[in-house]
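Down below is the structure, laid out as structure tokens.
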Amino acid sequence: MSVATTTLKLPEPLKSRIVHAAEYAGKTPHAFMLEALQAQTELAERRREFVGAALQAREEVAQYGLVYDADEVFSYIQALLEGKQAERPAPTKL
């Protein structure tokens with residue numbers, strides 16, 4: 001993996017907070033910032049995937065008009081978790 005150098009200009013109050021947080025975590029400020037950037041990048045990627053899936057689901061509902069009753073789905077999942085036989089909910093047309 002290649003490594004690129006980037007310069008961040010931080011406001012002094014933020015830099016101080018990072019130094020203290022890193023010390024408390026037993027890390028260098030550099031390692032602390034790398035972890036923070038990694039975590040935020042993963043969060044943004046997961047959010048993008050989630051929104052994409054939601055938009056796709058909305059398109060499918062608009063196209064086919066089929067939905068599931070949330071209470072029925074919850075009861076079905078709860079029954080399965082309790083080891084009970086359960087009838088799978090049927091989709092309904094909007």
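The values are calculated or read from the model by the stated rules, or taken from the named source; none is laboratory data. Here the structure is a predicted model, which means the values were calculated and not measured. Positions of Cβ are generated from backbone atoms using ideal geometry, with glycine treated the same way; all protein chains shown enter the neighbour counts.
Please tell me if Phe50 is part of a helix (DSSP H, G or I) and in contact with a helix residue (DSSP H, G or I) (Cβ under 7 Å, 6 or more places away or on another chain). So Phe50 fails the test. Residues in the stretch 73-94 that are closer than 22 Å to Ala57 by Cβ, small (Gly, Ala, Ser) and exposed (fewer than 11 other Cβ atoms within 10 Å of the Cβ): Ala90 alone. Total residues in the stretch 13-29 satisfying the condition of being more than 25 Å from the chain's Cα centre (by Cα) and either part of a helix (DSSP H, G or I) or hydrophobic (A, V, I, L, M, F, W, C) (or both): the figure is 10.
Check whether at least one residue in the stretch 57-75 is at pLDDT 95 or above, touching a helix residue (DSSP H, G or I) at 6+ places or on another chain (Cβ under 7 Å), assigned to a helix (DSSP H, G or I) and hydrophobic (A, V, I, L, M, F, W, C), and report yes or no. There is no residue in the stretch 57-75 that is at pLDDT 95 or above, touching a helix residue (DSSP H, G or I) at 6+ places or on another chain (Cβ under 7 Å), assigned to a helix (DSSP H, G or I) and hydrophobic (A, V, I, L, M, F, W, C).
Residue-wise test of (1) loosely packed, with under 10 Cβ neighbours inside 10 Å; (2) charged (D, E, K, R).
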{"site": "Lys9", "(1), (2)": "yes, yes"}
{"site": "Lys15", "(1), (2)": "no, yes"}
{"site": "Tyr24", "(1), (2)": "yes, no"}
{"site": "Ala36", "(1), (2)": "no, no"}
{"site": "Gly65", "(1), (2)": "no, no"}
{"site": "Ala70", "(1), (2)": "yes, no"}
